[in-house]
Amino acid sequence: MDSSIIGTIITSYLTWDEFKKAAGDPLAWDAALSAWAPADGRVVSNSRFNAITQKTNVPDYRGTFLRCNNVIDIGNTAVIPAGQADPDGTRSLNTLQNDNFASHSHSYMAYNLVADGGTGFSGTGFSSNSNAGNGLVNSSAVGGFETRPKNYAVYFYIRIN
């Protein structure tokens, strides 16, 4: 990979201070002089990134997963393998796709058991009373705040000069 290409995004284990030092960038960050910037939305108006893309800020990728766009080369007509295509189609570059949870449901049969047709517990056994709430019931909600794969926290940096 040629890391001299403006707009190249890399992941790193190094913190921003460690990364600047390892990359040989000035420790006092400057959009006009630094080769790299964290992909945190900061202003880079004096950079080659700005000159090429006309964007004054780098993208802010904190807390997100990066997903390859459906189309990279407009002239490429190759079919995207089943299950790999973005269901939202080819999106504009650098657009956020919000959280989503695939549509599904869980159901189970629930029976309201009452004694002898609903007249009380006579001790002779229980029977189902069709007027007392028998039927399909949805389960309670379970889970956390988001749907996500296992992941490790890393830093994203983008080449700006």
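Each reported figure results from applying straightforward, stated rules to the coordinates on display, with no laboratory input. Predicted model, so just to flag it, every value in this text is computed and none were measured. Reconstructed Cβ throughout: ideal geometry from the backbone, glycine too, with neighbour counts over all protein chains shown.
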Sorting I158, I74, I10 on the 10 Å Cβ count, fewest up front, what's the list?
I74, I10, I158
Given the Cα-Cα distance of Y13 and N76 and 0.36 nm per residue of separation, how much length would full extension add, in nm?
19.3 nm
Under 5 Å between amide hydrogens, which residues at least 5 positions from D40 or on another chain qualify, with H placed 1.01 Å from N in the peptide plane?
Y61
Charge sum, other residues only, whose C-beta stays under 11 Å from F101's C-beta, Lys/Arg counted +1 and Asp/Glu -1:
-1
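Compute the signed sum of charges (Lys and Arg +1, Asp and Glu -1) over the other residues within less than 13 Å, Cβ to Cβ, of S47.
Numbers: positive: R42, R48, K55, R159; negative: D25, D30.
For residues surrounding S47, the net value is +2.
Counting other beta carbons within 10 Å of each residue's own, what order do E18, E146 fall into, fewest first?
The most exposed by this proxy come first: E146, E18.
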